[in-house]
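*Asks:* Sharing a structure below in structure tokens format, with a few things to ask.
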């Protein structure tokens, strides 16, 4: 099963996307979407701007929230932590751990299992960039830890 299954939420109002003949603009971001205990302010992807290799959005995880273990199948992810404190348990069996906070950049290689914990007292907010034009495809569950 893909971790992206069961996602809910808005999406971008087609009127909010401005195609300016070579530059596309979404003013104020798109509507919220929900997946794996994360709320995303939808940004840009193949679905709304026709990108071929990239997608971006803003992710928010509530205090104490967990984004269950998953793998990015065949694409890279880069994060910038805008607000909060996060712990990634990662690697085979999620045996390794790293803590990051606001101002940190994180790179996740394709195929690395990881589970995300908001260990701060405020919402965790991260800018998320993917080397894939879709937002949800090719995210695969890694059934360990908090998922139970």
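The values are calculated or read from the model by the stated rules, or taken from the named source; none is laboratory data. This one's a predicted model, so the numbers in the text were calculated from it and none came from an experiment. Virtual Cβ from ideal backbone geometry, glycine too; neighbours counted across all protein chains shown.
*Asks:* Just give me the residues in region 102-117 being closer than 9 Å to residue 71 by Cα and loosely packed, with under 14 Cβ neighbours inside 10 Å, in sequence order.
*Replies:* Residue satisfying the conditions is 111 alone.
*Asks:* Which condition breaks for residue 131 when tested against (1) in contact (Cβ under 8 Å) with a residue 60 or more places away in the chain; (2) surrounded by 15 or more Cβ atoms within 10 Å (Cβ to Cβ); (3) within 30 Å of residue 21 (Cα to Cα)?
*Replies:* (2)
*Asks:* Determine, yes or no, whether residue 74 is modelled with pLDDT of 90 or more, more than 20 Å from residue 124 (Cα to Cα), surrounded by fewer than 20 Cβ atoms within 10 Å (Cβ to Cβ) and out of contact with any strand residue (DSSP E or B) (no Cβ under 7 Å at 6 or more places or on another chain).
*Replies:* On the way: modelled with pLDDT of 90 or more: yes; more than 20 Å from residue 124 (Cα to Cα): yes; surrounded by fewer than 20 Cβ atoms within 10 Å (Cβ to Cβ): yes; out of contact with any strand residue (DSSP E or B) (no Cβ under 7 Å at 6 or more places or on another chain): yes.
Spelling it out, residue 74 is indeed modelled with pLDDT of 90 or more, more than 20 Å from residue 124 (Cα to Cα), surrounded by fewer than 20 Cβ atoms within 10 Å (Cβ to Cβ) and out of contact with any strand residue (DSSP E or B) (no Cβ under 7 Å at 6 or more places or on another chain).
*Asks:* Another question about this same structure. If residue 142 satisfies all but one of (1) in contact with a helix residue (DSSP H, G or I) (Cβ under 9 Å, 6 or more places away or on another chain); (2) within 29 Å of residue 50 (Cα to Cα), what's the number of the condition it fails?
*Replies:* (2)
*Asks:* If the requirement is being in contact (Cβ under 8 Å) with a residue 40 or more places away in the chain, surrounded by 16 or more Cβ atoms within 10 Å (Cβ to Cβ) and more than 15 Å from the chain's Cα centre (by Cα), which of these qualifies: 120, 64, 93? Lay out the reasoning, then the answer.
*Replies:* On the way: 64 fails: surrounded by 16 or more Cβ atoms within 10 Å (Cβ to Cβ); 93 fails: surrounded by 16 or more Cβ atoms within 10 Å (Cβ to Cβ).
Every option except 120 fails the conditions.
*Asks:* Turning to a different aspect of this structure: Do we find that residue 40 is modelled with pLDDT of 90 or more and either in a helix (DSSP H, G or I) or within 16 Å of residue 126 (Cβ to Cβ) (or both) in this structure?
*Replies:* On the way: modelled with pLDDT of 90 or more: no; either in a helix (DSSP H, G or I) or within 16 Å of residue 126 (Cβ to Cβ) (or both): yes.
Answer is no for this residue.
*Asks:* Give region 51-90 a look and list any residue that's in a strand (DSSP E or B), under 11 Å from residue 131 (Cα atoms) and in contact with a helix residue (DSSP H, G or I) (Cβ under 9 Å, 6 or more places away or on another chain), or say none. Break it down into steps so the answer makes sense when it comes.
*Replies:* Going residue by residue through region 51-90, those that are in a strand (DSSP E or B) are 55-61, 66-72, 77-83, 85-90.
If we keep only those that are under 11 Å from residue 131 (Cα atoms) too, we end up with 55-56, 72, 77-78.
Listed by number, the list holds a single entry, 55.
*Asks:* Still on this model: Among the residues of region 96-117, write down those that are closer than 25 Å to residue 45 by Cα, in a strand (DSSP E or B) and without any contact (Cβ under 8 Å) to a residue 40 or more places away in the chain.
*Replies:* The answer is 105, 106, 107, 108.
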